[in-house]
Every structure is written in structure tokens, then in C-alpha cells.
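Colleague: Structure below; questions to follow.
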2 protein chains.
Amino acid sequence: MESAFFDNWTTQLRKGILELGVLAALRGRRLYGYDIVKRLGEIPGLVISEGTVYPILSRFKREGLVTTTLVESNEGPARKYYELTLNGRKELARMRAAWRSVRDGINSLSPEDDA
Amino acid sequence: MESAFFDNWTTQLRKGILELGVLAALRGRRLYGYDIVKRLGEIPGLVISEGTVYPILSRFKREGLVTTTLVESNEGPARKYYELTLNGRKELARMRAAWRSVRDGINSLSPEDDA
DNA sequence: GACAGCTACATTGCATAACAATATACTATG
DNA sequence: CATAGTATATTGTTATGCAATGTAGCTGTC
């Protein structure tokens with residue numbers, strides 16, 4: 001049942017969407033990278049690996065969307081907590097609006113109630 | 001109000017989604033490239049240009065998702081009509097399922113009824 | 001009959017993100 | 001002391017969106 005076309009398409013579909021998912025997960029709370037991997041891993045369609053989430057978080061920091069705080073842990077290595085900045089909250093709001101537009105567009109082309 | 005981050009993100013968000021949009025537009029009917037550009041252009045979030053749609057359609061043909069028929073037109077150049085194959089319909093069904101999963105995942109992280 | 005404007009197809013080159021693979025290092029348990 | 005889980009990070013490959021560019025046919029108008 002494998003399809004190189006489908007697998008490749010899935011990878012492309014996730015572009016941008018995972019950034020939205022990570023930012024949305026950070027809304028209203030402080031999380032560290034590994035925690036985000038575990039949380040999104042429980043949501044079908046948003047499963048993400050370390051090799052994907054750390055570059056995203058680095059980008060957010062570089063773009064000024066988040067601030068970080070290093071906190072020691074007594075059950076493993078230190079954790080780097082990420083928190084949305086004012087600008088991060090603003091960008092998230094714009095992204096959510098763009099997302100709704102795309103989502104509704106696809107839904108209009110592809111209604112649920114048919115074969 | 002411009003944001004290089006946001007503009008770039010929007011481009012990434014469209015990856016994969018536009019392929020889904022084009023395939024969905026072809027479901028149950030035969031369309032030619034330029035027509036697809038015009039139709040999707042009317043849907044906010046799915047606006048697409050020729051330089052994007054023709055490579056997508058070429059890929060679909062190469063992957064065996066569509067067949068093409070060249071038809072002369074008396075109001076311009078000949079039109080190349082695209083039609084889904086059986087395999088195209090199957091891949092579209094898989095893509096729609098993956099799309100629903102991603103869409104619902106984001107919606108669960110990012111409910112409508114809040115600020 | 002020359003020009004603008006629309007229709008219609010197509011390619012090239014660049015920027016960017018997903019992710020497998022890989023590396024490092026701390027803690028706990030058997 | 002080896003294994004497993006926690007936790008962060010980078011490198012290299014690959015594929016897509018799209019601006020820019022090009023070709024060409026048809027229609028109307030001055």
C-alpha cells in the first residue's frame with residue numbers, strides 16, 4: 001500500500017503547518033522542546049520528531065517570536081523553556097487567520113459529505 | 001504591517017495544500033490548466049499562478065494521476081484538459097484523509113472560540 | 001496593419017522547510 | 001557498567017512554491 005507520491009506529499013503538507021502547531025502549543029504556556037515533541041506526538045497528523053522541532057524553535061528565537069529560559073532538571077539534562085513574545089502572539093494570530101482561509105478553501109472544494 | 005516571516009510562512013503553508021486543491025478541483029470533471037488558475041483564484045487562500053499550476057499538473061501526469069487531452073479552442077490557443085485516473089482518485093482519497101487528520105489536529109490545538 | 005490585452009502553455013533558478021541520521025550528555029536501574 | 005529514557009543540536013538530502021521569463025494564438029481598435 002506504499003506510495004512514494006503520497007509519502008512525499010505528506011512531508012510537503014507538513015511544511016508550515018508544524019510551525020503553526022508549535023506556536024499554537026506555546027500559546028499561554030511555557031514548554032521545552034522535548035515536551036512539545038511528546039505533546040504533538042499524541043495528535044494524529046501533527047507527529048513531530050526532534051530533528052524537526054529544534055530547527056523550528058531556533059528559527060522562532062532568531063525571529064524574535066519566543067524567548068528562552070534554561071532550567072536545570074533533576075531527572076535529566078537541563079531544559080530550555082520557550083515562551084511567546086508579544087510579537088510571537090501577533091504572528092500567531094495572523095497565521096491562524098491565514099490558516100482558516102486555506103482550511104475553508106479546501107473544505108469548499110472538498111466537502112465531507114460525499115464519497 | 002509587512003512581515004518577511006509571515007510572507008515566507010505563507011509560501012510554506014501552501015506546499016502540498018495546492019496539490020490537494022488542484023486534485024480536488026479535478027474530481028468528477030475535466031479542466032484545463034488556465035481554467036484551474038482562474039477557479040482557484042476565486043478561493044481566498046488557494047490563489048495560484050501559472051508558474052505553480054503547470055509544474056503540478058506535469059507532476060500529476062508523470063505520476064499517472066491524470067490523463068490529458070489536447071482540444072482546439074476558437075477563442076485562443078489549444079487547451080490541454082486534465083482528467084483524474086483511477087489511481088488519481090485513489091491518491092486523492094488518501095490525501096483527503098491525511099488532510100482531515102492534520103486539519104483536526106490544528107483545530108484541536110487552536111480552537112475558534114477564543115481570542 | 002500595428003499594437004494592446006487576454007488566453008494558454010511551459011521552463012529556469014532560487015529560497016526554504018521536513019526529516020533521517022548522527023552526535024553529545026545527564027540520570028536511573030538492573 | 002550497560003541499557004534506556006530524557007534532552008538538546010547539526011548536517012545533508014530532497015521536494016515544492018513561485019517570480020521571472022518566454023512562446024504563441026486570438027480579438028478589438030485606432
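Rule-based calculations on the coordinates, nothing more; no lab input. Small disclaimer: the values here were computed from a predicted structure and weren't measured. Cβ coordinates were reconstructed from backbone atoms using ideal geometry, including for glycine residues, and neighbour counts include every protein chain displayed.
Colleague: For the stretch A:65-84, check the following and say yes or no: at least one residue is within 30 Å of B:Gly28 (Cβ to Cβ) and either surrounded by 15 or more Cβ atoms within 10 Å (Cβ to Cβ) or within 14 Å of chain B (Cβ to nearest Cβ) (or both).
Modeller: To start, the set of residues in the stretch A:65-84 that are within 30 Å of B:Gly28 (Cβ to Cβ) comprises none.
No, the stretch A:65-84 contains no residue that is within 30 Å of B:Gly28 (Cβ to Cβ) and either surrounded by 15 or more Cβ atoms within 10 Å (Cβ to Cβ) or within 14 Å of chain B (Cβ to nearest Cβ) (or both).
Colleague: Something else now. Mind checking whether some residue in the stretch A:16-39 is within 18 Å of A:Arg100 (Cβ to Cβ) and near DNA strand D (Cβ under 10 Å from one of its atoms)?
Modeller: Yes, the conditions are met somewhere in the stretch A:16-39.
Colleague: What helices (runs of 4 or more DSSP H), lying completely within the stretch A:1-49, carry at least 2 residues that are over 9 Å from the mean Cα position of the chain (by Cα), of a type in the set (Val, Ile, Thr) and surrounded by fewer than 19 Cβ atoms within 10 Å (Cβ to Cβ)?
Modeller: Numbers: elements: A:4-13, A:17-25, A:33-41.
Per the criteria, A:4-13.
Colleague: Condition (residue is within 11 Å of DNA strand C (Cβ to nearest atom), within 10 Å of another protein chain (Cβ to nearest Cβ) and farther than 30 Å from A:Lys90 by Cα) applied to the stretch B:49-59: is it met by at least one residue? Quick ask: steps written out before the conclusion?
Modeller: Of the stretch B:49-59, the ones within 11 Å of DNA strand C (Cβ to nearest atom) are B:49-59.
Remaining after also requiring within 10 Å of another protein chain (Cβ to nearest Cβ): B:59.
If we keep only those that are farther than 30 Å from A:Lys90 by Cα as well, we get B:59.
Yes; the residues of the stretch B:49-59 include at least one that is within 11 Å of DNA strand C (Cβ to nearest atom), within 10 Å of another protein chain (Cβ to nearest Cβ) and farther than 30 Å from A:Lys90 by Cα.
Colleague: Name the single residue that is surrounded by the fewest Cβ atoms within 10 Å (Cβ to Cβ) among those in the stretch B:50-64 being in contact with a Phe, Trp or Tyr (Cβ under 8 Å, 6 or more places away or on another chain) and not acidic (Asp, Glu). Before you say what the answer is, go through the steps one by one.
Modeller: Narrowing the stretch B:50-64 to residues in contact with a Phe, Trp or Tyr (Cβ under 8 Å, 6 or more places away or on another chain): B:50, B:57, B:60-61, B:63.
Next, from what is left, pick out any that are not acidic (Asp, Glu): B:57, B:60-61.
Values: B:Leu57: 22, B:Phe60: 23, B:Lys61: 16.
Going through the qualifying residues, I end up with B:Lys61.
Colleague: Restricting the search to the stretch A:73-102, which residues are of a type in the set (A, V, I, L, M) and assigned to a helix (DSSP H, G or I)?
Modeller: Matches in the stretch A:73-102: A:Leu86, A:Leu92, A:Ala93, A:Met95, A:Ala97, A:Ala98, A:Val102.
Colleague: Here's something else I'd like to know. Report yes if some residue within the stretch A:91-105 is surrounded by 15 or more Cβ atoms within 10 Å (Cβ to Cβ), within 12 Å of chain B (Cβ to nearest Cβ) and more than 25 Å from B:Trp99 (Cα to Cα); otherwise report no.
Modeller: Checking the stretch A:91-105: not a single residue is surrounded by 15 or more Cβ atoms within 10 Å (Cβ to Cβ), within 12 Å of chain B (Cβ to nearest Cβ) and more than 25 Å from B:Trp99 (Cα to Cα).
Colleague: Using the structure shown, decide if A:Gly105 is within 13 Å of DNA strand D (Cβ to nearest atom), assigned to a helix (DSSP H, G or I) and more than 16 Å from the chain's Cα centre (by Cα).
Modeller: yes
Colleague: If you don't mind, another one. What are the pairs with Cβ atoms under 7 angstrom where one residue, in the stretch A:38-59, is farther than 27 Å from B:Ala4 by Cβ and the other, located anywhere, is away from DNA strand D (no atom under 13 Å from the Cβ) and not in a helix (DSSP H, G or I)? Sequence gap at least six, or different chains.
Modeller: The qualifying pairs are A:Gly41/A:Val47.
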